[in-house]
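Student: I'd like to ask some things about the structure below.
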Amino acid sequence: MSMKLSRREFIKASATAIAMTYAGLAVKPVFAKESELKFGRSQCRFCGTGCTVLVGIKDGKVVAVKGDADSPVNFGRLCMKGYKLPEILYGGGGKKRLTKPLIRQEDGSFKEVSWEEALDLIADTFVDNIKKFGPDSVAWYGSGQNTTEEAYAANKLFKGIIGTANVEGNPRLCMASAVGGYLNTFGTDEPAGSYDDLDLADCFFIIGANMAEQHPMLFRRVIDRKSAYPDRVKVIVADPRYTPTARYADLHLQFKSGTDMYLLNAMAQVIIDEDLVDHEHLKYCTFKKELGSSGELMNLEEFKEFLKDYTPEKVESITGVKAEDIRLAASWFARKGYSTVSLWTMGLNQRTKGVQLNCQVHNLHLITGKIGKPGCDSLSLTGQPNACGGTREQGGLTHLLPGHRLLANEEHRRQIAEIWGYPVEQLPTKPTGPAVNMFMRLEKGDIKAIWINTTNPAQSLPNADRYREAMRKAFTVVSDIYPDRTTEVATAILPSAMWVEKEGVMGQTDRRSQFIPKLIDPPGEAKPDFWQIKEVAKRIAKKLGRKDLGFETEEEAWNEYRRCTKGTDVDLWGATREKLKAHAGGVQWPCPSTDFDNRGSNKRFISKEYAKKVFGKTTKKYSTGYVTLYDQHLEDKKLEGPVNYYGTNPLHGEPKGKALIRAVNAEVDFEMPDKEYPYVLNTGRVIEHWHTGTMTMRVRLLRELNPEAYVEISPQDADRLGIKNGQNVRITSPRGSIVLSAWITDRAQPGMVFVPWFDENKLINDLTVDDPKSWSKAGEPNYKVCKCKVERA
Amino acid sequence: MNLPIAGAVVVPMPREEKKVKSLLKKLKGVEIKGVGSKGIAIVLEAKTTEDLESISKKIEKWNCVIDFQLVYFNVEDIK
Ligand code: SF4
């Protein structure tokens, strides 16, 4: 750098160099005045992608964030939300961080109390209820944003010390159907491939996901691939909305809301009818009717027969998608010698038939052999930064135990009780109920005390109004960073440390675990959730005369959790703290090896020999360390290859080692439009905000970009109803009503309206459906399809 | 000292590169630095952070843009 360069010129030169580098122009990035800042490696906590970030600290405050160029997740890039991470820490939009424990008084006001007082009150109340009404009178409701250590400590406290299976979390609302889909198909949860497959795919099949807005950094990899090979690479988007992702696509399959099961069966029908099948790969699969382990086995001919009612011509009138487009999509998906990745999120998961829909996507990959090869995978995207690590892998739901174990399985209980150091009889033997059911039991009074941690169910539960009242009546403890709709109804509020104010591990979409270090102190008296759980656990254990958690630090908890995963399919034994800290982008399980350079398995279910055949090599090097392109669990357990889907879960049933292609009858969602409620209400996120806006509404830019909820209405419907842009519109479902301003846009399909759920003053979830019959087979509620009417207000 | 300067990559929708470039040229405070395989590299400069953010907002909302990515945001100005 020339000494004559002014500060302004220097910064401009830096900005130019970095922009040019990321635009694909050959310039080396230089960073301005970074010596003034201390940078630490962390992970963005705004979506399930898990971009690796470098966090700049000055005078004990976070003042800068940049992408980590060494990370195989985001290669130094970040989206708008990622760049605004520092601002989530310091309040805004009329709200300040919670800094003192608060207890609600008789008159409804909150009084500041000491930590001792708050912790004693919580422990006393929980123990009183346990003694009077039994362990199932208390509950934990956690989050896909808890660190794994926090989630593990809470799981051990509730299932191990207290002995209740009332452990649920918000991932039930977003990922449960995906888990059901993987278990029913592969017998084990989570995907076979990795983000790296996006860089090698020739066809992207994106269904029920608006990646351009919700997973922008992963969508960048889609764009990069398409830009590099515009003719070879095809992007198919199946979505009832005409989202920016759909606008980018080569082919948009705009099916009528609720009819995608027909579309997916029709694609399978074309693939089989036109013999686009990979017969070699079918050796590792078998066909089975419906879900679960009891259905009959089938063969290819019988599956073909089953699909004959789903020809594109037959489903055209149901789905609203032209037969020729379905044929084209199927032919692009199944192109021989080319690779395909499927990606989806809540559009499939938050549905009455969510598990079946997940299975149908897996079916397409299994029959075409687009799995276990470069650029091929059936990759369910997650919405939260630790839904996979803290909940799915760690076992943070009622029916699970750490390491993909099942609570109802005696042997699994015995294994965990031994690691935990409790008598096995202390553990519950049966699951209680999924998240919404837990809040129903709270409403009924069966659950008397609940601890809600790092999540905002008063805004996010379906038919939320009903449960706000239940929370207000019960003894409700809420740990969070800002006041929100849930702290409003709390009995006790505990101020939490967040993100880089505490340490912990988080696990994302592609079996990846990353470490977040503590870089700054939390404000006021705010404390890490791990500390809160540990302190309450000590008190409860003492009062019940039981052994406490047995660990003091997050690192000790992580090391105990690693033991729980050792030898299982979710083997994190090799994910030592040392490795997690050193490698940008972390470790991918299965990783049985503690060898420092070994960062785990990039691909699952395939042997070393098979990897050599399809990749031409067996490992892939990153800037530090390497991943194997084969499944280290197969090698460790000496399972026979070349392809082996473990197939050992009871949900999956026999035969072992084979994946199951599920013949599922197409059906629509539980609550479809009728005469009184002629529209479909669809809800979701927007690019600027994340979930209930607790954090993103604190960031000025994001707040200004999207200040309040609105309703997307198609031009055709607006015309028919005489609605103008910006005019107030009343949306009414059988559960409630709301007035929102109209955005007339071709994003919405005629017959469907879309409302985002980030706005705490306009609670669209007061209208969404909570009837258990509307939940997926995995207990996940339906936020995408319920009936409503639309009127001028 | 306020130095609101940012580097960004603007990714046009397929076949919309020309349109995006001409729109960018009309924006005050925006300089196109080059067009690479992954998008158009630009530098944004403004008097205040608010102005800088409002330019970003504008670009992000264009229909001919599929992705707008800040890759550098000057740190001194983050409050
Ligand atoms: S894509 Fe997700 S993880 Fe990455 S920077 Fe954006 S919000 Fe953060």
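Student: In chain A, what cysteines have no partner Cβ closer than 4.7 Å?
Tutor: So far as the 4.7 Å Cβ criterion goes, A:CYS47, A:CYS79, A:CYS174, A:CYS203, A:CYS285, A:CYS359, A:CYS376, A:CYS388, A:CYS564, A:CYS591, A:CYS786, A:CYS788 stand without a partner in chain A.
Student: Let me ask something else about it. Zone of A:GLU525 (label point 7 Å along Cα→Cβ, backbone N under 11 Å): which residues in segment A:118-154?
Tutor: A:118-119
Student: Hey, which lysines would be in cross-link range of A:LYS111, C-alpha to C-alpha under 16 Å, not counting anything within fewer than 8 residues on its own chain?
Tutor: A:LYS100
Student: Related question: Take the residue pairs A:LYS304/A:LYS603; A:LYS256/A:LYS777; A:LYS283/A:LYS304; A:LYS608/A:LYS637; A:LYS95/B:LYS58; A:LYS226/A:LYS373 and return only those whose Cα atoms are more than 24 Å apart. List each step's numbers first, then the result.
Tutor: Details: A:LYS304/A:LYS603 30 Å; A:LYS256/A:LYS777 22 Å; A:LYS283/A:LYS304 17 Å; A:LYS608/A:LYS637 13 Å; A:LYS95/B:LYS58 27 Å; A:LYS226/A:LYS373 19 Å.
Over 24 Å Cα-Cα: A:LYS304/A:LYS603; A:LYS95/B:LYS58.
Student: Sticking with this structure for a sec: Rounded to the nearest 0.05, what FRET efficiency do A:SER623 and A:TRP115 have when you use their Cβ-Cβ distance and R0 = 41 Å?
Tutor: Numbers: r = 42 Å, r/R0 = 1.03.
Efficiency, from the Cβ-Cβ distance: 0.45.
Student: Okay, next question. List the residues of segment A:752-793 whose backbone N lies under 12 Å from a point placed 7 Å from the Cα of A:GLU708 along the Cα-to-Cβ direction.
Tutor: Inside the label zone: A:759-763.
Student: What share of all Cα pairs of segment A:496-567, in percent, falls into each consecutive 10 Å distance bin?
Tutor: Binned Cα distances yield the sequence 17, 40, 32, 10, 0.
Student: For a test of the definition: using alpha carbon positions, the gyration tensor, and the 1.5 limit on a/c, classify segment A:679-792 as rounded, prolate or oblate. Working shown, then result.
Tutor: Details: a/c = 1.82, a/b = 1.01, b/c = 1.79.
The shape class here is oblate.
Student: Here's a follow-up. Distance from the Cα centre of segment A:370-413 to that of segment B:42-76, in angstrom?
Tutor: Comparing the Cα centres of segment A:370-413 and segment B:42-76, I get a distance of 38 Å.
Student: Using the basic label-point model (7 angstrom from Cα toward the beta carbon), what is the A:ARG8 to A:LEU200 distance in nanometres?
Tutor: The answer from the label model is 5.0 nm.
Student: Tell me the label-point distance for the pair A:SER294, A:VAL614, using the 7 Å Cα-to-Cβ offset, in nm and rounded to one decimal.
Tutor: Modelled inter-label distance: 3.4 nm.
Student: Let me ask something else about it. Once Lys and Arg get +1 and Asp and Glu get -1 on their Cβ, which of A:THR487, A:VAL536, A:LEU572 lies farthest toward the positive end of the dipole of segment A:452-585?
Tutor: The Cα lying farthest towards the positive end belongs to A:VAL536.
Student: How big, in percent, is the set of alpha carbon pairs in segment A:563-636 lying more than 16 Å apart?
Tutor: Working: 1149 of 2701 pairs.
Across segment A:563-636, Cα pairs with separations above 16 Å total 43 percent.
Student: A follow-up question, please. Run through the DSSP bridge list for the protein assembly as shown and note the antiparallel percent, rounded to the nearest 5.
Tutor: Values: 66 of 117 bridges.
The answer is about 55 percent antiparallel.
Student: Next question, about the same structure. What distance in nm lies between label points placed 7 Å from Cα along the C-beta direction at A:GLU410 and B:LYS57?
Tutor: Here the answer is 6.4 nm between the modelled labels.
Student: Using the Cβ atoms and a cut-off under 9 Å, what net charge is assigned to the surroundings of A:ASP202, where Lys and Arg are +1 and Asp and Glu are -1?
Tutor: Numbers: positive: A:ARG225, A:ARG232, A:LYS234, A:ARG335; negative: none.
Net charge around A:ASP202: +4.
Student: Could you work out the Kirkwood radius for the protein assembly as shown, taking every pair of different alpha carbons, averaging 1/r and inverting it, reported in Å?
Tutor: Values: mean 1/r = 0.0364 Å⁻¹.
By the Kirkwood definition, the hydrodynamic radius is 27.5 Å.
Student: A follow-up question, please. Extension gain A:LYS656-A:LEU251, at 0.36 nm per residue separation less the Cα-Cα distance, in nm? Kindly include the intermediate steps, with their values, before the conclusion.
Tutor: Working: separation 405, 0.36 × 405 = 145.80 nm, distance 3.77 nm.
Going from the current span to full extension adds 142.0 nm.
Student: Please give the charge dipole size of segment A:563-636, origin at the Cα centre, charges +1 on K and R Cβ atoms and -1 on D and E Cβ atoms. Round to the nearest 20 debye. Before the final figure, lay out the partial values.
Tutor: Working: 14 positive and 9 negative charges, 53 e Å.
My answer is approximately 260 debye.
Student: Please list, in order along segment A:543-560, the HN-Hα scalar couplings obtained from phi with the Karplus expression 6.51 cos²θ - 1.76 cosθ + 1.60 (θ = phi - 60°), rounded to whole Hz, x for Gly and Pro.
Tutor: My calculation for segment A:543-560 gives 5, 8, x, 10, 5, 7, 4, x, 9, 10, 10, 4, 5, 5, 5, 4, 5, 5 Hz in order.
Student: Would you pull out the residues with amide H under 5 Å of A:VAL65's amide H, same chain only if 5 or more places away, H placed 1.01 Å from N?
Tutor: Amide H neighbours of A:VAL65: A:GLY56.
Student: Let me ask something else. Distance from the Cα centre of segment A:527-598 to that of segment B:23-40, in angstrom?
Tutor: Taking the Cα centre of each part, segment A:527-598 and segment B:23-40 sit 47 Å apart.
Student: Hey, got a sec? Which trypsin sites (Lys or Arg not before Pro) in segment A:654-705 land in a DSSP loop and have at most 12 other Cβ atoms within 10 Å?
Tutor: Numbers: sites: A:LYS656, A:LYS658, A:ARG662, A:LYS675, A:ARG685, A:ARG698, A:ARG700, A:ARG703; in loops: A:LYS656, A:LYS658, A:LYS675, A:ARG685.
Those satisfying the criteria are A:LYS675.
Student: If exposed means no more than 15 neighbouring beta carbons inside 10 Å and the site is in a DSSP loop, what's the longest run of chain A without any exposed GluC sites (Glu not before Pro)?
Tutor: Numbers: sites that count: A:GLU106, A:GLU274, A:GLU280, A:GLU290, A:GLU296, A:GLU525, A:GLU552, A:GLU640, A:GLU667, A:GLU676, A:GLU708.
With GluC sites (Glu not before Pro) excluded where exposed in loops, chain A gives A:297-524 as its longest stretch.
Student: Hey, another quick one. Once you order the gyration tensor axes a ≥ b ≥ c over the Cα atoms, which shape class does segment A:416-529 get: rounded for a/c under 1.5, otherwise prolate or oblate by comparing a/b with b/c?
Tutor: On the way: a/c = 1.78, a/b = 1.13, b/c = 1.57.
Because a/c hits 1.5 or more and a/b fails to exceed b/c, segment A:416-529 counts as oblate.
Student: Please find the FRET efficiency linking A:THR745 to A:ASP273, where r is the Cβ-Cβ separation and R0 is fixed at 45 Å, and quote it to the nearest 0.05.
Tutor: Numbers: r = 37 Å, r/R0 = 0.83.
With R0 = 45 Å, the Cβ-Cβ based efficiency is 0.75.
Student: Between A:LEU639 and B:LEU27, take the C-beta separation as r, use R0 = 41 Å, and let me know the FRET efficiency to the nearest 0.05.
Tutor: Details: r = 58 Å, r/R0 = 1.42.
Computed FRET efficiency for A:LEU639 and B:LEU27 comes out at 0.10.
Student: Still on this structure: Quick one: dipole size for segment A:494-565, taken about the Cα centre, charges +1 on Lys/Arg Cβ and -1 on Asp/Glu Cβ, in debye to the nearest 20.
Tutor: Details: 14 positive and 13 negative charges, 96 e Å.
In total the dipole reaches around 460 debye.
Student: Place a +1 charge on the Cβ of each Lys and Arg in the protein assembly as shown and a -1 charge on the Cβ of each Asp and Glu, then give the dipole magnitude about the Cα centre in debye, rounded to the nearest 20.
Tutor: On the way: 125 positive and 113 negative charges, 338 e Å.
Around 1620 debye, computed over the protein assembly as shown.
Student: Something else now. When the helices in the protein assembly as shown are scored as -39500 (n - 2.57) per DSSP H run of 4 or longer and the sum is shared across all residues, what 222 nm value do you end up with, to the nearest 500 deg cm²/dmol?
Tutor: -8500 deg cm²/dmol
Student: For segment A:176-381, what class follows from the C-alpha gyration tensor (a ≥ b ≥ c being the square roots of its eigenvalues): rounded when a/c is under 1.5, otherwise prolate if a/b is larger than b/c, else oblate? Mind showing how you got there, number by number?
Tutor: Numbers: a/c = 1.35, a/b = 1.26, b/c = 1.07.
Here segment A:176-381 falls in the rounded category.
Student: So if each residue of separation counts as 0.36 nm, and I subtract the Cα-Cα distance between A:GLU301 and A:ARG730, what length gain in nm does that give? Mind dumping the intermediate values first?
Tutor: Working: separation 429, 0.36 × 429 = 154.44 nm, distance 5.11 nm.
Here the segment from A:GLU301 to A:ARG730 would lengthen by 149.3 nm.
Student: Just need the relative contact order of chain A here, percent rounded to a whole number, with Cα pairs under 8 Å and 6+ apart.
Tutor: On the way: 1913 pairs, mean separation 145.5, N = 793.
It comes to 18 percent, rounded to a whole number.
Read-outs throughout are calculated quantities, based only on the coordinates presented, and are distinct from any laboratory measurement. Note that the coordinates shown come from a computational prediction; the quantities given were computed from them, not determined experimentally. Quick reminder, even Gly has a Cβ in these numbers, built from the backbone with ideal geometry, and neighbours come from all protein chains shown.
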